[in-house]
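What follows is a set of notes on a single structure, which appears directly below.
The values are calculated or read from the model by the stated rules, or taken from the named source; none is laboratory data. Not measured: the values here are computed from a predicted model. Please note: Cβ atoms are built from the backbone with ideal geometry, for glycine as well, and neighbour counts cover all protein chains shown.
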Amino acid sequence: MTAWPEVGRAELEELRHKYEVLLRLHDEREAAAAAGLTGFSGAERDARRLAMKRLAARFPGALRELDALDRAALLDRRQALQAVLDAAPPELPGLLAQPAHTWMSWMWLFHALTREMLHVKRRLALQARGLVERGADGRWPEPAVLGPQGYPEVLQRRILDPPRGHLTHLVYELLSTRLGCPAPTLQEAIFGPPKVPAGDAAENQPGHTNPDRA
């Protein structure tokens, strides 16, 4: 069985940065909604779209967190990552193995495996049209999880026709088999149930506008 990449300090720093970007996008969106704006415009709109595009490319599924989780949940995750990063290097493996922190490794592997599968799906679609990826788009995503040799024909077929029509379900299935954890448990640990404290309840009210969707 091919060894999967180890999750260490560099990977946790990447996740922390992800939550910093998510928090900024969340706060900008809520400030715009509070000001009664129905959408972003001009340079601000373009900057948000670029930030979200980059975030989705590096961390597939991250924009779901922006919609599903409130500010407190996003902040909790950033602070939890920072607390682990503040620990002495020799303590890091033990901390990541603790139940309160396993979501960090699972989250990073989810993003990395999804990114890799999307690359395979795009490559297969191009091959079906007789085309080949060139330049940066043709390079294998790094760090690799299964790697270029880790996708036999049977898995390629499943990527093109994933369970219930969503590639995410196939990602959870592979992660579940590898990590020995039920897929629903992984899903909740990675994305968590939506949390809506009293202060953020307005986000779910009929009169609340999401400027990103206007």
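Scan the range 77-98 residue by residue and report those that are outside any loop (DSSP other than H, G, I, E, B) and over 11 Å from residue 16 (Cα atoms). Result: 89, 90, 91, 92, 93, 94, 95, 96, 97. Right, residue 66: modelled with pLDDT under 95, within 30 Å of residue 173 (Cβ to Cβ), in contact with an Asp or Glu (Cβ under 9 Å, 6 or more places away or on another chain) and surrounded by 15 or more Cβ atoms within 10 Å (Cβ to Cβ) or not? The answer is yes for residue 66. Can you work out which of the residues in the range 39-51 that are surrounded by 14 or more Cβ atoms within 10 Å (Cβ to Cβ) and touching a residue at least 40 places away in the same chain (Cβ under 8 Å) is farthest from residue 21 (Cα to Cα)? Among those that are surrounded by 14 or more Cβ atoms within 10 Å (Cβ to Cβ) and touching a residue at least 40 places away in the same chain (Cβ under 8 Å), it is 40.
Among the residues of the range 146-159, some residue qualifies, meaning at least one is at pLDDT 95 or above, under 20 Å from residue 61 (Cα atoms) and not in a loop (DSSP other than H, G, I, E, B). When the residues of the range 22-75 are filtered to those that are out of contact with any helix residue (DSSP H, G or I) (no Cβ under 8 Å at 6 or more places or on another chain) and part of a loop (DSSP other than H, G, I, E, B), the one that is nearest to residue 115 (Cα to Cα) is 41.
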